[in-house]
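Colleague: Below you will find the structure I want to go over with you.
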Amino acid sequence: MKPLLTRRHFLRAGLAGGALLLGVRLAWGPFARMRLADVPEQFKVLNERTATALAAIAPAMLGPVLPPEDAEDARLAALHALLKAIDQAIAALPVPVQAEVTQLLDLLIFPLTRRWLAGIRGEWTRASEAEITDFLYGWRTSRFQLLRAGYQGLHQLLCAGWYALPTSQQAIGYPGPPAHWLAARNPT
């Protein structure tokens, strides 16, 4: 009696699977890195790809609080400030929570999970605001608690970053932290 699976069958299946994956990847398009134009400073927690994903998600989640698209320099400066504030907020979290946030962001930048869980086919830089809004709505109203928690995490990160900026504090009439608190944090 002949065995059902031989080493030769296993090797052929492995080679065929590898060739299939290579063909799919080549059909997907050229290998390209996502970049957020001219990232001025190094982040503590975020990397270029996660910063690019958050920069794409921010306008859809924050809405009209960002400068309009026709004021490109002001919008880019606001996004850079927002990303720096988000990075600082993540860095201030306890290490286990930082790990969870990093896992969420990694989930959003990994091509397979970005496609199947977020519904974004291409890179974040090429996603339309409508696609991103649909992704956020889908996660916010998902029947799966894990996706709803992911949406809440993104929402809290973006809002924490936005409201930490002095410009947004002025816009809502918040005079800033009390002077005694600032003095305690920055002894000179």
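The values are calculated or read from the model by the stated rules, or taken from the named source; none is laboratory data. As the structure is a computational prediction, the values presented were derived from the model and not from experiment. Quick reminder, even Gly has a Cβ in these numbers, built from the backbone with ideal geometry, and neighbours come from all protein chains shown.
Colleague: Can you confirm whether Leu157 is out of contact with any Lys or Arg (no Cβ under 9 Å at 6 or more places or on another chain) and without any contact (Cβ under 8 Å) to a residue 60 or more places away in the chain?
Modeller: So Leu157 does not fit the description; no.
Colleague: Which numbered condition trips up Asp106, out of (1) at pLDDT 90 or above; (2) among the acidic types (Asp, Glu); (3) within 21 Å of Ser168 (Cα to Cα)?
Modeller: Asp106 satisfies all of (1) at pLDDT 90 or above; (2) among the acidic types (Asp, Glu); (3) within 21 Å of Ser168 (Cα to Cα) except (3).
Colleague: If I go through region 60-98 residue by residue, how many of them are closer than 16 Å to Ala160 by Cα and either touching a strand residue (DSSP E or B) at 6+ places or on another chain (Cβ under 6 Å) or modelled with pLDDT of 85 or more (or both)?
Modeller: Looking only at that region, the number is 22.
Here's the yes/no breakdown for (1) in contact with a helix residue (DSSP H, G or I) (Cβ under 9 Å, 6 or more places away or on another chain); (2) assigned to a loop (DSSP other than H, G, I, E, B); (3) closer than 22 Å to Lys84 by Cα:
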{"position": "Ile132", "(1), (2), (3)": "yes, no, yes"}
{"position": "Arg148", "(1), (2), (3)": "yes, no, no"}
{"position": "Thr167", "(1), (2), (3)": "yes, no, yes"}
{"position": "Pro175", "(1), (2), (3)": "yes, yes, yes"}
{"position": "His180", "(1), (2), (3)": "no, no, no"}
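Colleague: Further, regarding this structure: Among Leu112, Leu136, which is assigned to a helix (DSSP H, G or I), modelled with pLDDT of 90 or more and loosely packed, with under 12 Cβ neighbours inside 10 Å?
Modeller: Residue meeting the stated conditions: Leu112.
Colleague: Just for region 1-31: of the residues that are at pLDDT below 65 and surrounded by 10 or more Cβ atoms within 10 Å (Cβ to Cβ), which one is farthest from the chain's Cα centre (by Cα)?
Modeller: Leu26
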